[in-house]
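In what follows, a structure is listed as structure tokens, so that the remarks can point back to it.
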Amino acid sequence: MRLSLPAALLAGCTTALLLQPAATATTAPGPQRRDFAGGASTTSLPLPAGTGLAPRGTEPFELLGLGWDGPPDALAGAVVRVRTRDAATGHWTDWHRLEAETEDGPDRATRGSTAPLWTGRSDGVAVELRPGPAGPPPGLRLDLVDPGRGVQPDAGAVRTIPPADPVLPPAEPPATLVTPVTPATPVTPGTPAAPAAPATPAAPASGQAPRPAIVTRAGWGADESLRAPDFDYTGPVRAVFVHHTDTTNDYDCSDAPRMIRSIYQYHVKTNGWRDIGYNFLIDHCGTIYEGRAGGVDQPVHGAHTLGFNTDTSGVAALGTFVDDQPPQSLLDSLAAIAAWKLGLTSQPADGSTGLTVGANGTRFTKGDVVDFATISGHRDGVSTECPGGALYAYLPDIRATAARLQVY
């Protein structure tokens with residue numbers, strides 16, 4: 001996801017952007033609320049004239065974003081800012097800019113939306129909006145997501161898949177998993193590959209890493225009635241793309257399930273996707289969560305990296321890591337899940353593989369075969385800041401550590 005600009009910078013740009021003042025916004029139709037299991041809901045505030053919303057009280061929510069009925073680029077050239085009211089203190093936040101989400105998602109999206117903004121428990125909102133040259137797209141609305149308390153799993157449901165022992169124990173396990181290293185032969189992400197070049201040879205079948213503990217969808221309270229009823233699979237996973245969710249870093253780890261439920265609900269009900277886009281998510285305590293349904297050990301077809309969702313898996317760090325350093329626990333878990341997932345298909349975690357570009361709008365031409373490191377960042381395939389400069393800088397270390405976890 002693309003990172004929102006700092007609030008201070010946005011405030012300084014208000015005059016230059018000539019935004020429509022919220023106080024003079026055109027009155028829009030009333031809110032439309034959809035209720036789901038576990039106390040969850042999405043409240044839609046229509047914006048048909050594209051002129052924003054004056055500050056107002058709302059139903060409680062914890063995540064928001066704009067959606068519309070049309071292609072992802074239908075809001076091109078628009079400027080959108082929001083501010084929210086904290087439900088506990090009554091204080092209003094600074095303005096935050098929302099950007100169209102054109103780098104995440106399936107290769108053939110049918111609806112458009114902005115990247116979601118996690119707000120924490122809020123009960124008020126204001127919107128400033130200047131439409132692009134094409135005007136407001138049809139069905140333009142602000143969606144306010146309340147994740148509720150989550151669906152309680154049936155008795156006996158597996159909430160956490162426990163870690164599995166490695167095939168062979170490491171001779172000298174490191175004190176921490178990710179340590180600074182200099183790869184002997186660094187891989188340049190996004191290097192075009194010759195169309196006839198064969199894929200990287202498969203590693204020996206013994207190159208599997210131990211499976212880390214994974215909180216299941218039942219464990220984070222997923223409402224399985226929201227997603228598509230069937231599962232969508234791709235070919236064998238040959239690369240893992242690392243993301244960040246572009247949400248706050250100021251959260252307790254006990255908040256992570258609510259954050260994931262909010263993203264899930266937004267991806268399905270606002271974006272129109274079949275399920276949450278990521279295959280796995282990790283909070284800053286290092287807890288790994290199952291994302292898209294279909295089996296953690298299966299090649300589930302995700303919607304995380306435009307043009308490169310085929311034969312890959314997407315892992316998202318909960319938070320924003322442009323300047324903030326990722327915690328060690330998160331880095332450790334990134335290395336562990338990538339090593340295990342790649343090991344299931346005998347892919348060396350410090351190797352490379354050729355991927356076919358599956359959509360326009362990437363850094364490459366649709367149909368080309370491009371070489372990627374088997375652990376790559378979202379920005380390697382698409383023009384985006386994701387997973388943030390601070391986290392991206394650790395990818396060489398994560399690759400080397402994940403390779404050590406794969407026992408050959």
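If each residue's Cβ is checked for other Cβ atoms within 10 Å, how do Cys386, Cys285 rank with the fewest at the top?
Cys285, Cys386
Once the Cβ-Cβ distance between Val322 and Ala155 is put in as r, and R0 is 30 Å, what FRET efficiency do you end up with, to the nearest 0.05?
On the way: r = 43 Å, r/R0 = 1.44.
About 0.10, to the nearest 0.05.
With neighbours defined as other Cβ atoms within 10 Å of a residue's Cβ, the residues Ile375, Ile288 order from fewest to most as Ile288, Ile375. Counting 0.36 nm for each residue step from Glu59 to Trp92 and taking away their Cα separation leaves a gain of 10.3 nm. Using a simple spin-label model with pseudo-atoms 7 Å out from Cα toward Cβ, Asp69 and Ser383 lie 3.1 nm apart. Karplus-derived 3J(HN,Hα) values for the range 258-266, using 6.51 cos²θ - 1.76 cosθ + 1.60 with θ = phi - 60°, are 5, 4, 5, 4, 5, 5, 4, 4, 5 Hz; glycine and proline are entered as x.
Each of Asp368, Asp397 has some number of other Cβ atoms within 10 Å of its Cβ, and from fewest to most they run Asp368, Asp397.
Under a 5 Å amide H cut-off, with hydrogens placed 1.01 Å from N, His244 pairs with Ala317 among residues at least 5 apart or on other chains.
For Ala49 and Ala37, the difference between the fully extended length at 0.36 nm per residue and the C-alpha to C-alpha distance is 1.1 nm.
A short reminder: the numbers here are calculations on the coordinates, not readings from a lab. Computed from a predicted model, the values in this text were never measured in an experiment. Note that we place each Cβ from the backbone using ideal geometry, even for glycine, and neighbour counts take in every protein chain shown.
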